[in-house]
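A.B. asks: Sharing a structure, written as structure tokens. Questions coming.
The values are calculated or read from the model by the stated rules, or taken from the named source; none is laboratory data. Computed from a prediction, not measured in an experiment: that's the story for all the values here. A quick note on method: Cβ atoms are made from the backbone with ideal geometry, for glycine too, and the neighbour counts reach across all protein chains shown. To get the accessible areas, we keep the full protein, side chains included, count just its heavy atoms, and leave off ligands, DNA and RNA. Shrake-Rupley method; radii C 1.70, N 1.55, O 1.52, S 1.80 Å.
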Amino acid sequence: MVSEVDPEKADGIYQVVSIAREFDLMAADFPEHEHEMYRLLRQHLPISCPETMRGGGLYGGGAGSSWVFARYEDVAYAFHHPEIFSSQIGLPFIPQGVDPPEHTEYRKIMNPWFTQQVLTPLEPRIREFANELLDKMLEKREFDFVKEFSEPFPIIIFCQLAGFPLEDLPRLMRWRDLFVHGMRAGKAEDLGLGIPTDEAGHPELKALRQVLAEATQELYAYCTELIEERRRHPKEDVLTKLVQARYAGTRPLTREELLQTLHLFILGGLDTVTGTLGSIMVFFAEHPDKRREFIELMDDPVRVSSAIEELVRYTSIVSPARRVTRDYNYRGVQLREGDLVVLSTASADRDENVFPNPDEVILDRHPNPHVGFVVGPHRCLGMQLARRELGIALQEIHRRMPNYALKPGEKPGVYGGGVKGVDYLPLVVDAG
Amino acid sequence: MKVRVDREKCQGHNRCYMICPEVYQVDDEGYAYVSNGEVPQDLREQARRGAEACPENAITVLAEAGASR
């Protein structure tokens, strides 16, 4: 006997049909449904080809289809095989937008700048920065955590380490906003770009690309000045090291190489810790039991490091894209040369086949082979710095303000996209 | 018990180092290595956990015959 169809009742294997068609990382309501969508995709359609992302969608540059990989094993495979899943997309960032073997040479130059040995001596300074921001923030009982802490904190450290003058912060932030957030619905208006948008507030792509091209020229002019300055007066900073670096031990970096590297440093250094820290604080504000657990363990550095890994897994904010280098049949899916593949770390890191109870934060989770910092040759260059920043920030925040909550009646400004984050987080601290 | 880091696979996540710095070290480029593959009895559990934490599967644990966990 055939059972009665109930058209009103959602059923995962049917729902996934419309999810696959309408999947849109940039949609304003994407973060609300993200993990439910990814769960269904992992289960029923681990590789999907959303209509919304035809022609490259937000990542641009692709004429063909865009695919979304949702399972851990597929995301990790693509990260590990740059010869098929290339990082050469859109803007020529170094080292992110370059594949091995050139990529390997760039990384050889830069890897030593962000090692444990280099970063350990910086810890006291990072802790000081955190406390200076907390001193100011805690003069009030209510504040926007993003504006007061998660935004300025990594930027101050970045400027210090890289050698960018702190007074140029507003300019750097403006560039970051354009490059990282320009695509987001409503941002073109917020940023006063004066370009056409659709009903949902998405900017017209051609106009946005024009704005970004102009901003790139301004940024390059600014960086060129700094580079010349360091050639004349070397200092102890990343800018100087970049100027003095030798590619494959043979030649200095060209002007283009220097600029493309600095461009990426600004995006990576200014935005990712902000997004991750904001996302973690939203979680802790909404889960006081987990916050207390963290406070219990936060004096033990080994346990803090496991907790950070778990919080990075849980929040996994990046969904990088790769370009398919040749027609390639991946597990029976025919990919075409030039197709784009979106590798969602958010979905991979909630894969129930790798992480038991994936939607739960287990601060001492082990093993925890998450891909929140990406794996393979393009793993995050600044990950050791990011971990220290996150660890120190969370320790100092919870030492100084163990009791806090979301401001009643308000919601955090959580946004989706290729790099997710939080741009508004109103908190109230307990006076007691 | 011995541990071995596959230097081709290591991408410098340093998770092994964070869990068991007594066994895993990090070179000037951020990649892991072990200077003495033989793991002392009292560090075996930690060394094993360090190996399991590697997201690149770059660390192999070689148990010796008769070695206890």
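A.B. asks: Give the cross-link partners of A:Lys206 among the lysines, using a straight C-alpha distance below 24 Å as the criterion and excluding same-chain residues fewer than 8 apart.
C.D. replies: A:Lys206 reaches A:Lys187, A:Lys420.
A.B. asks: Give, in whole angstrom and from largest to smallest, the semi-axes √(5λ) of the equivalent ellipsoid of segment A:239-393, with λ running over the eigenvalues of the Cα gyration tensor.
C.D. replies: 32, 25, 13
A.B. asks: So for the pair A:Asp300, A:Arg171, with labels modelled 7 Å out along Cα→Cβ, what separation do we get in nm?
C.D. replies: Going by the 7 Å Cα→Cβ label model, 4.8 nm.
A.B. asks: Further question on the same structure: Using θ = phi - 60° and the Karplus curve 6.51 cos²θ - 1.76 cosθ + 1.60, what whole-Hz ³J(HN,Hα) does each residue of segment B:50-55 get, with Gly and Pro shown as x?
C.D. replies: Each residue's phi maps through the Karplus curve to give x, 5, 5, 7, 5, x Hz.
A.B. asks: Please report, for the Cα atoms of segment A:285-373, the Rg to one decimal and the Dmax as a whole number; what are they, in angstrom?
C.D. replies: Considering segment A:285-373 through its Cα atoms, Rg and Dmax are 17.1, 53 Å.
A.B. asks: Out of all Cα-Cα pairs in chain A, roughly what percent, to the nearest whole number, are more than 33 Å apart?
C.D. replies: Roughly 35 percent, rounded to a whole number.
A.B. asks: I'd like the GluC sites (Glu not before Pro) in segment A:208-297 restricted to DSSP loop residues with at most 16 other Cβ atoms within 10 Å, sorted by number.
C.D. replies: In loop regions of segment A:208-297 (DSSP not H, G, I, E or B), the sparsely surrounded GluC sites (Glu not before Pro) are A:Glu236.
A.B. asks: Read phi for every residue in segment A:358-364 and hand back ³J(HN,Hα) as whole Hz from Karplus 6.51 cos²θ - 1.76 cosθ + 1.60, θ = phi - 60°, with x for Gly and Pro.
C.D. replies: x, 8, 9, 8, 10, 4, 10
A.B. asks: log₁₀ I(q)/I(0) of segment A:1-55 at q = 0.19, 0.23, 0.27 Å⁻¹, via Debye over equal Cα point scatterers, no solvent, to two decimals?
C.D. replies: Per q value, in the given order, log10 I(q)/I(0) is -0.70, -0.92, -1.13.
A.B. asks: For the pair B and A, how large is the buried accessible area, both sides, in square angstrom to the nearest 100, if the probe is 1.4 Å?
C.D. replies: 1800
A.B. asks: Please list, in chain and number order, the residues 5+ apart from A:Ser344 or on another chain whose amide H is under 5 Å from its amide H, with Hs placed from the backbone.
C.D. replies: Amide H to amide H, under 5 Å and 5 or more residues apart or across chains, A:Ser344 pairs with A:Phe69.
A.B. asks: Roughly speaking, to the nearest percent, how much of segment B:2-62's 1.4 Å accessible area is carbon and sulfur?
C.D. replies: C and S fraction of accessible area: 43 percent.
A.B. asks: Please compute P(r) over all alpha-carbon pairs of segment B:2-62, binned at 5 Å starting from zero, and give each bin as a whole-number percent.
C.D. replies: 4, 23, 37, 25, 8, 2
A.B. asks: Accessible area drop of at least 10 Å² (1.4 Å probe, protein heavy atoms): which residues of segment A:116-146 qualify, relative to the chain alone?
C.D. replies: Residues shielded by partner chains are A:Gln116, A:Gln117.
A.B. asks: Across peptide B:51-58, what mean number of C-beta atoms from other chains lies inside 10 Å of a residue's C-beta?
C.D. replies: That works out to 5 on average.
A.B. asks: Applying the Karplus parametrisation 6.51 cos²θ - 1.76 cosθ + 1.60 with θ = phi - 60° to the phi angles of segment A:346-357, what ³J(HN,Hα) value in whole Hz is obtained for each residue in order, glycine and proline being reported as x?
C.D. replies: Computed from phi, the couplings for segment A:346-357 are 4, 6, 4, 7, 10, 5, 5, 7, 10, 10, x, 6 Hz.
A.B. asks: Also, I was wondering about something else. Could you state the accessible area per residue of chain A in Å², with a 1.4 Å probe and every protein chain left in place?
C.D. replies: Numbers: 19100 Å² over 432 residues.
Normalised by residue count, the accessible surface of chain A is 44 Å².
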